[in-house]
Amino acid sequence: MAHVDIKALQELAIMDPPGMSAHDEKSAVREIILLFIEHSAIWYTELLNASVIGDTIKLSQTAHTFKSSAGYVGAHHLRELCELLEHGAAKNSSAQNEHLVEAIRLNQLQVAAELKKYIGM
């Protein structure tokens with residue numbers, strides 16, 4: 001997986017009983033992944049809306065939330081992009097913020113696809 005660190009997902013597997021895989025409907029790892037996919041779409045929409053209206057505080061706050069969750073599921077590049085936006089939103093031009101939001105979106109879509117594959121969707 002190019003956008004997701006498989007080792008990070010394997011570390012999450014300690015929450016599941018021995019022998020359970022992320023393909024199992026009752027897997028905690030599967031639930032974490034599904035929640036991340038669902039929330040990441042919401043966070044992207046919040047980033048986009050904040051970017052459009054120039055709300056750098058909301059951009060920074062949402063990027064922080066997104067960053068933490070991306071790191072948790074092993075999406076390190078997505079985490080880095082969110083960190084750039086979190087720390088740069090107030091200093092960046094609106095064009096720079098829009099570019100980062102778009103880069104986050106593209107990476108989020110790739111991460112979501114890889115995570116879905118990991119859980120057998």
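The values are calculated or read from the model by the stated rules, or taken from the named source; none is laboratory data. These numbers were taken from a predicted model, which means no experiment stands behind them. Cβ sites come from the backbone with ideal geometry, for glycine too, and all protein chains shown count toward neighbours.
Being in contact (Cβ under 8 Å) with a residue 40 or more places away in the chain and crowded, with 20+ Cβ neighbours inside 10 Å is the filter here; which residues of region 77-86 pass it?
Passing the criteria: only 78.
Of all residues in region 1-24, which are more than 26 Å from residue 107 (Cα to Cα) and surrounded by fewer than 12 Cβ atoms within 10 Å (Cβ to Cβ)?
Answer for region 1-24, where residues must be more than 26 Å from residue 107 (Cα to Cα) and surrounded by fewer than 12 Cβ atoms within 10 Å (Cβ to Cβ): 14, 17, 18, 19.
Quick one: would you say residue 101 is among the β-branched types (Val, Ile, Thr) and without any contact (Cβ under 8 Å) to a residue 60 or more places away in the chain?
Yes, satisfied.
Residue-wise test of (1) on the phi > 0 side of the Ramachandran plot; (2) at pLDDT below 95; (3) surrounded by fewer than 23 Cβ atoms within 10 Å (Cβ to Cβ).
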site	(1), (2), (3)
44	no, no, yes
60	no, no, yes
64	no, no, yes
70	no, no, no
75	no, no, no
88	no, yes, yes
94	no, yes, yes
103	no, no, yes
111	no, no, no
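Taking only region 26-42 into account, find how many residues are at pLDDT 95 or above, farther than 15 Å from residue 113 by Cα and either in contact with a Leu (Cβ under 8 Å, 6 or more places away or on another chain) or surrounded by 22 or more Cβ atoms within 10 Å (Cβ to Cβ) (or both).
0
How about region 1-12: which of its residues are closer than 12 Å to residue 73 by Cβ, at pLDDT 80 or above and not polar (S, T, N, Q)?
3, 4, 5, 6, 7, 8, 9, 11, 12
Can you name the residue in region 59-70 that is closer than 14 Å to residue 108 by Cβ and in contact (Cβ under 8 Å) with a residue 24 or more places away in the chain and is also farthest from the chain's Cα centre (by Cα) among such residues?
Out of the qualifying residues, it is 63.
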